[in-house]
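Taking it in order: structure first as structure tokens, then the write-up.
None of the figures in this text is laboratory data; all of them are computed from the coordinates on show. Small disclaimer: the values here were computed from a predicted structure and weren't measured. Ideal geometry is used to build each Cβ from the backbone, glycine not excepted, and the neighbour counts take in all protein chains shown.
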Amino acid sequence: MRRVLAFALIFALVPLAGCLKAKDHITLNKDGSGTIVSTYDVDLTKTRELLSAVAMLMGQGDPAAIAKMKDEQLMNFEHPNWFKKASAEVEGYDVTSATQSIVGEKDGPKTRKTTVNATFESLVAASAAKAFPITSVTLSKVEKSEKLPNGAWKLVLKDAFSGLDPAQTGGMDPSQMMPMFEPQLKKLTTTFAFTIPGKILETNGTKSDDGCTASMVIDYNKMMEGKEVALNIVFEAAEGAKLKPFAYTPDLMSLMPRIQGQPPVLKDAAENEEGGGAEAGEGEAKPDGAKKADGEKKPEPAKSDAGK
């Protein structure tokens, strides 16, 4: 079991490697509903390199087969259909738009660009839909004090891979493992941004001019510190806000099917492709080398467990 956990942790680093520029911007409204905008720019060359390195290190996978994998199939952890499938299955979470394209020269470097816009009725619904796949989110009430006579709320967004107990990961931790893959990981940049319904009183992130949004950029060097990486926000809620305490930590092991498997093929996506059976995301190549994923129409609920 310890080897399985260690392998899972190494493999889970793969989508992070390719996400040279990943960002989640969450906006929380006074009634607890909100929106999430997630963007991913994946360097496909670096992702192939890291997959091959993991395959050789762990004796799992075939580097030759990895080299032949299509760009749409290559560790497509962030494919729109993962989010759309959740939207069809989880009440209170809805994907309003989701697109993916591959840009770059045919025989040169390529980047896979994904943008997903979603709404949620509550943080509970968003977490049930795995809208925070690699992020822990906690919202708690801060008691009244001399410094905070009206009380306040504290929001914490934590990178799920930082500050892990080695006992949970087969005796390994990301900060010790990442140097083995430095050429692929060193340009990693992930950004957390959160807009709160009120006024920010304290934060360890960068506060916006209007005092309502805080953000934090996590790069390779910050991950290498081996400490918990988290964006902390203490804020005074706007008048009439109806917030509820909330805590969510993703189960990293449960992400393995999404990390290792192929994106689900949704009914509408298959019907929209020529031949009616093409895999979602395999559009016709554009003159500039870009390929477009399936459209933004909300799918019917999947009848089979396509995520495995």
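Quick notes
- Distance between the modelled labels on ASP210 and LYS154, one decimal in nanometres: 2.7 nm (7 Å Cα→Cβ projection).
- Extension gain for the segment ALA247 to THR35, taken as residue separation times 0.36 nm less the Cα-Cα distance, is 74.6 nm to one decimal.
- Distance-filtered residues of the stretch 245-261 - backbone nitrogen under 20 Å, label point 7 angstrom along MET69 Cα→Cβ: 252-261
- With R₀ set to 30 Å, the beta-carbon distance separating LYS267 from THR45 gives a calculated FRET efficiency near 0.35.
- Packing, as the average of other Cβ atoms within 10 Å across residues, places the peptides 142-154, 20-32 in the order 20-32, 142-154, highest first.
- A full extension of the chain between LYS199 and GLU121 corresponds to an added length of 25.9 nm, given 0.36 nm per residue minus the alpha carbon distance.
- Remark on LEU201: its backbone amide H falls under 5 Å from those of VAL234, PHE235, GLU236, a criterion applied only to residues 5 or more positions apart or on other chains, H modelled at 1.01 Å from N.
- Across the alpha-carbon set of the stretch 87-136, the Rg to Rh ratio works out to 1.16, Rh being the Kirkwood radius.
- A cut-off of 5 Å between modelled amide H atoms, ignoring neighbours fewer than 5 places along the same chain, links GLY32 with LYS242.
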